[in-house]
1. Looking at the stretch A:4-231, what % of its DSSP beta bridges pair antiparallel, to the nearest 5?
2. Counting alpha carbon pairs within less than 8 Å and at least 6 residues apart, what relative contact order, in whole percent, applies to the stretch B:3-85?
3. Excluding ligands, DNA and RNA, what is the solvent-accessible area per residue of the stretch A:1-103 at a probe of 1.4 Å, expressed in Å²?
4. Each label point is 7 Å from the Cα along the Cα-to-Cβ direction; what then is the distance between the points at residue A:81 and residue B:29, in nm?
5. Report, to the nearest 10°, how far helix A:14-23 tilts away from the longest principal axis of the Cα atoms in chain A, using its own Cα long axis and a range of 0 to 90°.
6. Please report the buried accessible area for the interface of A with B, total over both chains, probe 1.4 Å, in Å² to the nearest 100.
7. Along the three principal axes, how long is the stretch A:1-51 when you take its alpha carbons, biggest first, rounded to the nearest angstrom?
8. Using Cα springs under 10 Å in a Gaussian network model of chain B, which residue among B:19, B:63, B:49 shows the largest mean-square fluctuation?
Amino acid sequence: MITRTLIVGAGGLGGPIAFALGAAKHELTIVDHDSVEVSNLHRQIQYTALDLGEPKAARLAGEVVARGGTARGVVQQWSPEVADELGADVDLIVDASDHPTTKFGVADWAVANGRTYVIAAALRYGGNVFAGAPGVACYRCLFEDPTDAPTCAEAGVLGPVVGAIGGVAAALALGLANGDRTYAGALLAFDDLRKLAEPRVVRFAPRRDCPACARAPISPFAAQPVRVAENA
Amino acid sequence: MPSIRVPSALRTFTGGASDIEISASTVRDALAELDKKHPGIAAKVLGNDGAVKPFIRIYVGPDDIGDLGGLDAKLTDRDEISIIPAIAGGSGA
């Protein structure tokens, strides 16, 4: 069965995610409104100087196709309305964006539409990857509001860290697509990849007043996971 | 003595240090002590109302402080406090 996957963001995270899922024969739609800049090249290694000024979504989709995959690029800023338009037949949505509002928006859209999803973020020397699925606590159950969440623009990021976090996000996405719910509803928090590659796995209960879960077609309150954090 | 594990995103306040030992009996006191040692860091974790910001979770060992009494959660000498923020990054310029 073909998995149709929507990737939001064609930058440092989106590159390795798209290559991995494309190689696994996912049918990709890649959304990004940005163009390639010289400052991107050190960590968005899917691009070269020949791509400067080109739209990232189209270029990344082209690279996936050149590697034997199936992808189309949509040069547009993500919004719930765009997701409604593009995501009607999507099985899985992966956030690889650089903006907290987009991450929460992607998670909320996925929960409301009963889709599996992955939220990936990298910052300084580490990152977070969240695996979401219908019927479990969601991203907004854990983090209630994106306001003031730290971003790369403020704190920077080490180039190779983005690739590593993107690889983890792709692995979790492949697992979810194959029905593996080992990490469904868990956040994998990588603190400092220069020192420790093992994530802290944070599992948590759904939040009763979560506005996203209130719109979920499958309630997460049917079977509550245990609230624990552990090392993987 | 309890310790606080400072997330990578906030280590600009601690000169890069990841683990800070703190003499405190509650999480609230620990954050206040941390701020004395590294001014400005508490404002990144707590809002103007003194509550934990909504994009941050705090754990004592494996337990969310929400299950332990919130910021008034008691600490023992061997406890490790972990601050886990939502972060955004990886795509932009």
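The values are calculated or read from the model by the stated rules, or taken from the named source; none is laboratory data. Quantities reported herein were computed from a predicted structural model and do not represent experimental measurements. Here the Cβ positions follow ideal geometry from the backbone for every residue, glycine too, while neighbour counts run over all protein chains shown. Heads up: the accessible areas ignore ligands, DNA and RNA and are worked out on the full protein's heavy atoms, side chains in. Shrake-Rupley method; radii C 1.70, N 1.55, O 1.52, S 1.80 Å.
1. Numbers: 20 of 39 bridges.
Among the beta bridges of the stretch A:4-231, antiparallel pairing accounts for roughly 50 percent.
2. Details: 114 pairs, mean separation 30.7, N = 83.
For the stretch B:3-85, the relative contact order is 37 percent.
3. Numbers: 4340 Å² over 103 residues.
I get 42 Å² per residue for this part.
4. My value for the distance between the label points is 5.4 nm.
5. Approximately 90 degrees, to the nearest ten.
6. Details: alone 10660 and 5580 Å², together 13310 Å².
Heavy-atom accessible area buried at this interface is about 2900 Å².
7. 39, 19, 17
8. Maximum fluctuation in the GNM of chain B, among the listed residues, is at B:49.
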